[in-house]
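What follows is calculated from the coordinates using simple rules that are stated; it is not laboratory data. Just so it is clear, the model here is predicted, and its values are computed rather than measured. Cβ placement follows ideal geometry from the backbone for every residue including glycine, while neighbour counts extend to all protein chains displayed.
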Amino acid sequence: MTIETREARQPWILLSPSLVAITLLLVIPLLFIVVYSFWLRTATGADQVGFFLDNWTEALTDAFYRDILLYTLKIAAITTAVCALLGYPAAYFIARSKGNKALLLLLLMLPFWISYIIRTMSWINILGVSGAINSLLISLGIISEPIQMLYNQVTIVLGLVHFLLPFMILNIYVSLEGIDVTLEDAACSLGATRWQSFLEVTLPLSIAGLAAGGLLCFVLAAGTYITPVILGGPSDAMFANLVFEAIITQLDWPLGSALSLMLLVVLGALVLVYNHFLGMGQLMKGLGK
Amino acid sequence: MDNSKRYERLLERYNNGDLDRRSFLGLIGAAGLAYGVATPFAKHALAATEQVRFDGWGGVVSEAFRKYAFDPYTKKTGIKVVDGTFGSGDEYISRIKASQPGEYNIAHLSGVFDYARYNNLGLTSVLNEKNIPNLEFVIPKLTDVFRKVTDGTLSCVPYDYGTTGIAYNRKHISDEEAKEKGAKLLIDKELKGKLGAWGDWRTRIWYASLQTGQDPNDAKDMDAVWTAIRTNRDLLLKYWSSGAELMSLLAEEEIYATEAWSGRVYALQEQGHDIGYMDPPNGFGWQECLFVIKGSPMEACEELLNFMLAPATSIAVAEGQNYPPALDPKKVDLGKKIPKLPAFDPTGTLDGLTFANPTYWNGHEQEWSKEFGRIQKGY
């Protein structure tokens with residue numbers, strides 16, 4: 001074997017454990033889901049093997065699924081926007097702080113040590129009728145009756161922002177860390193105000209981190225299941241809840257498979273749009289690569 | 001079918017002239033060979049049963065089972081009991097569907113409805129009742145409904161029963177008002193934003209049937225039922241999805257009324273919350289059973305069921321979960337706490353409870369669960 005051949009094979013040898021894992025744990029299960037989506041659920045709950053387009057026809061033509069999908073994308077977009085608005089100043093502050101950066105980063109990572117479900121449920125103790133805010137307002141005499149704050153779209157977005165904000169901050173922070181601070185000083189020395197130097201220099205250079213964080217937040221928010229269950233009202237369901245309901249409650253695995261693939265395709269399309277405008281290379285930059 | 005029955009049938013066919021002598025002897029020989037080959041392995045397989053898996057609701061129920069049934073059973077037989085939990089019957093049936101035969105053995109399932117679903121999926125087994133002598137203490141009406149589903153045999157033993165009635169906060173709703181309004185309390189416009197409901201399609205349809213004056217086991221006007229479900233939905237603060245969530249919503253006074261599980265309300269009352277509970281006429285009665293899944297080691301499971309049905313175990317579990325046991329109060333002394341539990345029937349006849357008719361509910365499951373899913377989400 002020549003050196004060239006050996007060198008050509010080496011990356012594949014190194015990659016092989018990952019490729020095997022991805023094939024076994026992602027590609028093959030995904031193929032199963034694709035196959036399942038063409039089967040049918042019978043009245044007894046058993047699956048009818050075959051090639052039927054019924055599930056896909058239902059998923060693609062029924063306004064119910066389209067509306068819930070649009071609602072899901074709307075909630076994900078609002079969550080992403082709020083995360084960006086709150087996350088950028090926080091990331092900027094951490095990136096430009098001196099001395100206590102490690103402590104701030106540690107504080108940022110702290111929520112990850114607590115279960116996502118527990119963190120989501122904590123809002124019940126904060127916003128509930130007998131929660132911290134209502135108790136405080138009543139004890140201060142500001143209100144006489146508790147305000148109903150829980151179980152609506154706002155609390156879903158709140159729960160999602162609580163969950164996803166650290167992802168946004170970390171991505172923007174990594175991007176800001178890579179920017180030479182003297183560029184801002186140079187802009188100021190050429191007559192720009194601090195605000196102008198931020199708008200003209202820092203923001204454009206950190207856009208990759210913002211976009212990477214945005215993509216991550218959007219995809220995770222759009223796939224969420226537990227937040228609407230815990231913090232949503234009677235009609236606040238997202239697309240993942242439909243998948244759960246089809247598979248678990250209705251035991252309709254074929255329809256659930258079609259719905260989950262539909263969400264996958266929509267989110268995959270979003271990644272392709274991102275790739276078209278910013279390129280996946282920008283995502284790597286945003287992740288500090 | 002056992003070998004004696006198989007031989008008897010062959011002999012009958014031979015005597016009737018359906019089989020010639022050569023075929024008869026050939027089949028007898030083949031059966032003998034199969035028995036000779038299979039028996040040593042069968043014995044080995046039985047001896048090799050090292051563990052039985054039990055899945056239930058966790059918490060105090062698991063603790064009681066562990067103390068009164070699993071540990072003594074392991075001590076006697078040497079067979080370990082692996083104790084698992086599940087969040088809902090729907091979730092569990094999905095797990096079973098995805099599993100290999102024998103992977104899951106015994107489950108603490110809800111009602112006749114689920115029993116029929118498992119039967120439809122070909123997941124039932126046939127218990128040898130002689131191996132479960134404690135079955136004699138069980139209320140006959142509870143076993144009869146299971147027998148009807150599986151042609152006289154049992155794949156489970158009944159274990160406890162309860163009701164899904166209406167819970168209300170006495171600070172805001174008096175006992176008289178609750179009794180007067182009955183099921184319609186849950187569509188009372190004055191309680192808008194202060195009502196909860198279980199996001200379970202069966203319970204929703206059951207209560208909507210009551211609200212529209214129909215038989216919950218035979219509603220004729222489904223349009224009226226769906227309208228009542230929509231009315232209820234528009235007045236709700238939240239659809240709850242677990243017993244813990246139900247208790248939290250009532251205890252924190254987020255909601256003033258909801259339908260609720262009798263045992264959970266009793267637990268709230270024990271904690272000092274002023275929560276009332278009533279079963280409206282034709283309220284939702286249900287029972288839970290210990291179900292043996294097809295492919296399980298039957299003798300080992302039957303012996304474990306016998307331990308679990310022993311009065312000491314049943315009573316401890318019942319006191320822990322606040323649901324009356326399936327034991328007949330005329331045959332077993334149930335102690336002091338159980339007669340005070342909601343839904344308890346001292347006569348042992350259970351005539352006051354209305355149970356779901358599995359044929360009716362299973363026949364509409366696919367259509368109604370989907371329809372409710374849409375209405376729940378605002379459609």
Evaluate E = 1/(1 + (r/R0)^6) for B:Glu180 and A:Tyr225, where r is the Cβ-Cβ distance and R0 equals 45 Å; express this FRET efficiency to the nearest 0.05.
0.65
Free-standing Cys residues across chain B, given no other cysteine C-beta under 4.7 angstrom
B:Cys301
Could you give each residue of region A:50-60 its phi-based ³J(HN,Hα) in whole Hz, using Karplus coefficients 6.51, -1.76, 1.60 with θ = phi - 60°, and x for Gly or Pro?
x, 10, 10, 9, 4, 5, 5, 4, 5, 5, 8
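Classify region A:63-286: rounded, prolate or oblate, from the alpha-carbon gyration tensor (a ≥ b ≥ c, eigenvalue square roots; a/c under 1.5 rounded; otherwise prolate if a/b is larger than b/c)?
Judged from the Cα gyration tensor, region A:63-286 comes out oblate (a/c at least 1.5, b/c at or above a/b).
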Can you return the aspartates and glutamates within cross-link range of B:Lys336? Criterion is Cα-Cα under 19 Å, with same-chain partners fewer than 8 residues away left out.
B:Asp160, B:Glu270, B:Glu319, B:Asp328, B:Asp345
Net charge around B:Pro324, counting only other residues with Cβ within less than 12 Å of its Cβ (Lys, Arg = +1; Asp, Glu = -1)?
-3
Checking the table B:Lys189/B:Lys377; B:Lys194/B:Lys377; B:Lys179/B:Lys340; B:Lys148/B:Lys340 against a 23 Å threshold on Cα-Cα, which pairs fail?
B:Lys148/B:Lys340
Helix-derived [θ] at 222 nm for chain A: sum -39500 (n - 2.57) over DSSP H runs of at least 4, divide by residue count, nearest 500?
-22000 deg cm²/dmol
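First obtain the Kirkwood hydrodynamic radius of the protein assembly as shown from its Cα pairs, then insert it into the Stokes-Einstein equation at 10 °C and 1.306 mPa s, and state the resulting D in µm² per second as a whole number.
54 µm²/s
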Could you go through region B:133-149 in sequence order and give the Karplus-derived ³J(HN,Hα) for each residue, using 6.51 cos²θ - 1.76 cosθ + 1.60 with θ = phi - 60°, rounded to whole Hz, and x for Gly and Pro?
x, 5, 4, 5, 7, 7, 4, x, 4, 6, 6, 4, 5, 6, 4, 4, 6
Distance from a point 7 Å along Cα→Cβ of A:Val181 to each backbone N in region A:70-102: keep the residues under 18 Å and list them by number.
A:89-102
List the chymotrypsin sites (Phe, Trp or Tyr not before Pro) within region B:44-143 that DSSP assigns to loop and that have no more than 14 neighbouring Cβ atoms inside 10 Å.
none
Along the principal axes of its C-alpha atoms, what lengths does region B:194-346 span, in descending order and rounded to whole Å?
50, 40, 29
Sequence gap at least 6, Cα distance under 8 Å: using those rules, report the relative contact order of chain A to the nearest whole percent.
27 percent
Give me the aspartates and glutamates in straight-line cross-link reach of B:Lys76: C-alpha distance below 18 Å, same-chain residues under 8 apart excluded.
B:Glu50, B:Glu299, B:Glu302, B:Glu303
Summed over the other residues with a beta carbon less than 10 angstrom from that of B:Arg117, with K and R at +1 and D and E at -1, the charge totals -3
Is the shape of chain B rounded, prolate or oblate, going by the alpha carbon gyration tensor and its root eigenvalues a ≥ b ≥ c, with a/c under 1.5 for rounded and a/b larger than b/c for prolate?
prolate
Low-density loop positions, trypsin sites (Lys or Arg not before Pro), region A:1-100 - DSSP coil, at most 15 other Cβ in 10 Å
A:Lys98
Through the Karplus equation 6.51 cos²θ - 1.76 cosθ + 1.60, θ set to phi - 60°, convert the phi angles of region B:338-350 into ³J(HN,Hα) values in whole Hz; use x for Gly and Pro.
4, x, 8, 5, x, 6, 5, 10, x, 7, x, 9, 6
Once the other residues with Cβ under 15 Å from the Cβ of B:Cys301 are scored (Lys, Arg +1; Asp, Glu -1), what is the net sum?
-3
